[in-house]
Structures are given as structure tokens and as C-alpha cells.
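Values in this text are rule-based calculations from the coordinates and carry no lab data. The model shown is predicted, which means the values in this text are computed figures rather than measured ones. Cβ placement follows ideal geometry from the backbone for every residue including glycine, while neighbour counts extend to all protein chains displayed.
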């Protein structure tokens, strides 16, 4: 039987699973020196906004119920769907990290000997990590019956995505040139390209 508490636990498990998946890849990628770093004030602000929506606001809600005034009716079927979407997000996180290897970075960085990854999940999607975070935001909206806590992930991550994806692709074009342009032509940004 699905309850609001089980849905909150599912969100915590999703967040814990994400962290557990990320730790070994973060350690591994830190061993490869950074050749180019665009971690400026704007990028730090985007990361903070995303973290607030995907992490801080839902944690406060789960721990305290705040803001109760923005609660909405709990629908068990939506929470079950949220668990499925959360599982899909974690699978996408895993596939993305496995394909990236040492090229992974939390911000706009290029590692020494950075290679264009176009295998695995990257064969059809240019930014599967962003796909995973969109799924996280959707799972959060389905799991947490609160207008602020539920939808803060989509708003917080959406802010990062729409302000970052253009500069990130410009950085990739500057590094890989026509190879990246060709890659863009055959892949979708966050979903596989149709046709």
C-alpha cells in the first residue's frame, strides 16, 4: 500500500542512489587533470539553483512538512509512477557515468586528453545526464504531494539546463569542431533523435 511516507522514503532512496552512483566516478575523474574550466560565478549560481530545487527544498519538506500550505492531495498511483520514473533516472545516471569514465565533471570542464564520447547511451543522446536529471525532477513531482517541494526539482534543474546547455555545446564545438557538429546531427539532446 502506497502512503505519503513511503513516497518520501522513495525520494530519499533515489537521492541516496544517485549519490552512491556518483561517488566512485567522481573519485576516478578527479585523477585526470582539468585542461579547461568554465566554473565561473554564473556556473556556480546555476549549480546552486539546481541543488536547491532537486535537494534542499525536498529535504526540508520531507524533514518538516514545510510548506504545509502548499500541500496537494496525495495520489498513490502517481507515487507508484514516481517510483518507476526514479528507477529510470538511476539507470540513466549509471549508464551515463559508465560511458563517460574519467571525462565526467560536475561543471563545465574539459579534462586532459578529453575524448568525445559517442558510445553506450551517448550513441543516441548527447546529454543523457540531463535526461536523468529531468527524470529525477519528474519523479520528485510525482512522489512529493507539495506544490513547492514537488515541482522545485523541475524548476531548479530546468533553470540550470536552459542556461547551461547552449554554452556546453559551444564548448564541445570549440574542442571537437566538425566531429561534434556531426555528432549533434545524428543525436538528440535529451531524447533519442527520431528518423
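Quote the FRET efficiency, to the nearest 0.05, computed for residue 193 versus residue 38 with a Förster distance R0 of 30 Å and r equal to the Cβ-Cβ distance. With a Förster radius of 30 Å, E is 0.70.
The listed peptides 156-162, 118-124, ordered by packing as a protection proxy, come out as 156-162, 118-124 (highest mean of other Cβ atoms within 10 Å first).
The helix-only estimate of mean residue ellipticity at 222 nm for the chain, built from DSSP H runs of length n ≥ 4 each weighted as -39500 (n - 2.57), is -22000 deg cm²/dmol after division by the residue total.
Relative to the longest principal axis of the Cα atoms of the chain, helix 76-100 runs at roughly 20 degrees.
Largest GNM mean-square fluctuation among 141, 69, 79, using the chain with Cα springs under 10 Å: 69. Considering only alpha-carbon pairs that sit under 8 angstrom and 6 or more positions apart, the relative contact order computed for the chain is 33 percent. Peptide packing for 88-100, 30-42, 128-140, 1-13 was compared via the average number of neighbouring C-beta atoms within 10 Å per residue; ordered from the highest value, the list is 128-140, 88-100, 1-13, 30-42.
What is the packing order of peptides 104-110, 178-184, taking the mean over residues of other C-beta atoms within 10 Å and listing the highest first?
104-110, 178-184
Put simply, the range 43-130 fits an ellipsoid with semi-axes of 32, 19, 9 Å; these come from the alpha carbon gyration tensor as the roots of five times its eigenvalues, largest first.
Between the helical axis of 41-51 and the dominant principal axis of the chain, each derived from Cα atoms, what acute angle in degrees is found, rounded to the nearest 10? Helix 41-51 sits roughly 40 degrees off the main axis of the chain.
For the chain, the Kirkwood estimate of hydrodynamic radius, built from reciprocal distances between every pair of different alpha carbons, is 17.6 Å.
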